[in-house]
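Visitor: Dropping the structure in here first, questions after.
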Amino acid sequence: MNNIYFQDNSKKYLNQLTKEEVALLPLYRDLISNIGILQEKLEKNFYRVESLEKLHSYVNDKKLRIGKYTVVEEKNSDFVLVKYNDIFQNEFENIKKILEKLNLKLNSSPFKDYIGSLIIAYSNNNFLEAYKKWVQLPSDINLDLVAFPTEPYFDTKFETMLSFEGHLKLTTTEAYSLKSSEYEPFIKDLLSSIPKVSEVHYSLNFDTIRARVEDSLIMGGATPGLGFIAQNLPNEREFINSWGVKICIYKSQLDAQINKEHFPVYKKYFLNPDLDLESYTYGFVRVLLGHEVTESLMKYRDDEDRLKSKYLSVRELNSDITGLENYILYMLKSINAEERVKATIHSYVSSLLSSYIGSLSKSVNTQHINGYIYAFNYLLDAKALTLEPEGKIKIDVRACSKALSDLSKITSNLLLKGTKADADLFFGEHLDTTKLSNIVTNLL
């Protein structure tokens with residue numbers, strides 16, 4: 001266990017579990033640990049080839065098609081595709097045995113059906129049915145287990161996955177949840193305003209495009225060195241159309257990030273920071289929600305081939321901006337619209353500055369931080385943010401909404417038909433950190 005990242009918060013939240021669920025915690029922890037072992041071995045065995053460049057040329061020339069869940073091996077100067085369970089037989093067997101023990105102890109329920117689908121998945125190396133079962137789990141269950149390949153680590157050359165995810169989440173009924181009466185029209189409005197291309201068709205039937213938000217707590221995680229804030233699975237529009245997008249907002253990380261980073265920056269660097277912690281958190285959760293739904297559906301033909309190394313930066317920025325824009329459009333029709341829009345804009349803008357400050361002292365995801373820097377500079381240049389004489393930042397909510405709408409159109413167009421050269425030019429305009437650095441220095 002020493003080389004596996006494992007966080008156990010279960011003692012703090014045991015009062016929300018039934019006695020039966022508490023009794024099963026050792027099995028869940030054992031399962032997560034074994035998925036962590038699989039993860040570690042997977043990273044060392046993903047490509048068993050002499051030359052990745054040669055493999056890359058094979059894939060580009062369409063001599064070999066690599067799927068998202070693929071292991072490649074070189075034999076006799078040729079490449080062969082290897083199933084996960086061909087090289088992870090022992091790990092798969094261990095995971096299956098634990099799942100079978102769980103299955104025997106569970107009462108009949110959708111969750112038990114999901115565990116059964118995982119047993120089959122680890123038998124035949126096909127995790128599609130397990131994902132379908134997982135995404136359709138009811139939202140009122142206490143426990144939610146993920147134990148299959150996901151997209152936290154991925155290979156940019158071949159668009160392949162490098163990670164099995166293993167974690168147990170405890171779903172709570174605390175704050176941040178959206179009532180279905182508020183949530184359903186919001187999702188429909190958001191979906192209807194996302195740009196579409198002719199070859200893609202999807203239904204606005206809410207039962208078909210199913211989006212779930214959960215205020216969840218990580219009880220254990222076995223993905224080495226990775227802390228999630230939010231996540232969507234998987235990232236193909238066609239799949240989401242059929243099976244929905246399940247969004248998990250993990251409360252333990254979210255609380256820590258807001259309390260230790262974003263909210264203190266908001267109070268220190270911004271003029272009249274009158275949001276309380278509850279309102280700030282409300283706005284920030286809505287930013288995450290809009291991001292994940294948008295990211296799941298903004299998938300266009302050849303976008304990664306066209307944008308190449310800039311694809312992730314464009315996608316992440318667009319998901320932030322377009323999700324935020326559509327949430328604002330929806331909120332304008334609701335009660336307390338002004339307060340809610342303000343909370344969303346204030347939390348988003350201050351999180352941009354907070355993320356930049358954090359990047360000065362710790363390792364961050366470049367694709368994300370470039371988008372944060374760009375968005376902050378863009379809002380400064382649009383006069384949506386202004387520096388007051390005392391060094392504080394003034395947020396003009398209305399001007400921010402207008403600027404974000406303009407930026408959404410630009411980034412959506414890049415995803416739709418932009419090239420890497422277009423993206424290089426786009427990011428080159430607003431990635432200078434001089435103004436950000438001066439803001440931070442002046443208020444230290």
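The values are calculated or read from the model by the stated rules, or taken from the named source; none is laboratory data. All figures in this text were calculated on a predicted structure; none of them were measured in a lab. As a convention, Cβ positions derive from the backbone with ideal geometry for all residues, glycine included, and neighbour counts pool all protein chains shown.
Visitor: Just checking: which of the helices (runs of 4 or more DSSP H) contained wholly in region 70-163 hold 1 or more residues that are within 19 Å of the chain's Cα centre (by Cα) and either modelled with pLDDT under 85 or of a type in the set (K, R) (or both)?
Guide: Passing ranges, in order: 128-135.
Visitor: Of the residues S351, S347, S355, which is touching a Gly at 6+ places or on another chain (Cβ under 9 Å), under 19 Å from E292 (Cβ atoms) and among the hydroxyl-bearing types (S, T, Y)? Quick ask: steps written out before the conclusion?
Guide: Working: S351 fails: touching a Gly at 6+ places or on another chain (Cβ under 9 Å); S355 fails: touching a Gly at 6+ places or on another chain (Cβ under 9 Å).
Testing whether each residue is touching a Gly at 6+ places or on another chain (Cβ under 9 Å), under 19 Å from E292 (Cβ atoms) and among the hydroxyl-bearing types (S, T, Y) leaves just S347.
Visitor: With respect to L379, is the statement that it is crowded, with 23+ Cβ neighbours inside 10 Å, assigned to a helix (DSSP H, G or I), hydrophobic (A, V, I, L, M, F, W, C) and at pLDDT 95 or above true? Quick ask: steps written out before the conclusion?
Guide: On the way: crowded, with 23+ Cβ neighbours inside 10 Å: yes; assigned to a helix (DSSP H, G or I): yes; hydrophobic (A, V, I, L, M, F, W, C): yes; at pLDDT 95 or above: yes.
It is true that L379 is crowded, with 23+ Cβ neighbours inside 10 Å, assigned to a helix (DSSP H, G or I), hydrophobic (A, V, I, L, M, F, W, C) and at pLDDT 95 or above.
Visitor: For region 405-421, enumerate the residues that are of a type outside the set (V, I, T) and free of Cβ contacts under 8 Å to residues at least 40 places away in the same chain.
Guide: Hits for region 405-421 are D406, K409, N413, A421.
Visitor: For region 296-304, does any single residue satisfy the condition of being more than 25 Å from L353 (Cβ to Cβ), within 15 Å of the chain's Cα centre (by Cα) and in a helix (DSSP H, G or I)?
Guide: yes
Visitor: Still on this structure, I have one more. Quick check on region 305-322: of everything there that is within 24 Å of S355 (Cα to Cα) and among the acidic types (D, E), which residue is farthest from the chain's Cα centre (by Cα)?
Guide: Among them, the one singled out is D320.
Visitor: Related question: Residue check, Y327 against (1) over 14 Å from the mean Cα position of the chain (by Cα); (2) at pLDDT 85 or above; (3) within 21 Å of L415 (Cα to Cα), all met but one. Which one?
Guide: (2)
Visitor: Are any of the residues in region 57-65 of a type in the set (S, T, Y), free of Cβ contacts under 8 Å to residues at least 24 places away in the same chain and surrounded by 13 or more Cβ atoms within 10 Å (Cβ to Cβ)?
Guide: Yes - at least one qualifying residue is present in region 57-65.
Visitor: What is the one condition in (1) at pLDDT 95 or above; (2) among the polar types (S, T, N, Q); (3) within 25 Å of L275 (Cα to Cα) that T441 does not satisfy?
Guide: (1)
Visitor: Of all residues in region 330-357, count the ones that are modelled with pLDDT under 90 and either within 16 Å of Q257 (Cβ to Cβ) or assigned to a loop (DSSP other than H, G, I, E, B) (or both).
Guide: 5
Visitor: Another one. Could you give me the residue pairs with C-beta distances under 9 Å whose first residue belongs to region 425-444 and is under 15 Å from I393 (Cβ atoms), whose second residue is of a type in the set (A, V, I, L, M, F, W, C) and in a loop (DSSP other than H, G, I, E, B) wherever it lies, and which are 6+ apart or on separate chains?
Guide: Every condition considered, the pairs that remain are S437/L360; V440/L360.
Visitor: Say we look at region 392-444 and pick out the residues that are surrounded by 15 or more Cβ atoms within 10 Å (Cβ to Cβ) and assigned to a strand (DSSP E or B); which of these is nearest to the chain's Cα centre (by Cα)?
Guide: I395
Visitor: Return yes when L277 is surrounded by fewer than 17 Cβ atoms within 10 Å (Cβ to Cβ) and out of contact with any Ser or Thr (no Cβ under 6 Å at 6 or more places or on another chain) and no when it is not.
Guide: For L277, the condition - surrounded by fewer than 17 Cβ atoms within 10 Å (Cβ to Cβ) and out of contact with any Ser or Thr (no Cβ under 6 Å at 6 or more places or on another chain) - is met.
Visitor: Follow-up. Specify the residue that is modelled with the highest pLDDT; the eligible residues are those in region 11-26 that are surrounded by 15 or more Cβ atoms within 10 Å (Cβ to Cβ) and under 20 Å from L99 (Cα atoms).
Guide: Initial filter on region 11-26 (surrounded by 15 or more Cβ atoms within 10 Å (Cβ to Cβ)): 13, 16-17, 21, 24-25.
Cutting the leftovers down to under 20 Å from L99 (Cα atoms) gives us 17, 21, 24-25.
Values: L17: 75, E21: 84, L24: 90, L25: 85.
Going through the qualifying residues, I end up with L24.
Visitor: Oh, and also: Of all residues in region 330-360 being more than 23 Å from the chain's Cα centre (by Cα) and polar (S, T, N, Q), which is farthest from P273 (Cα to Cα)?
Guide: Ranking the qualifying residues of region 330-360, first place goes to S334.
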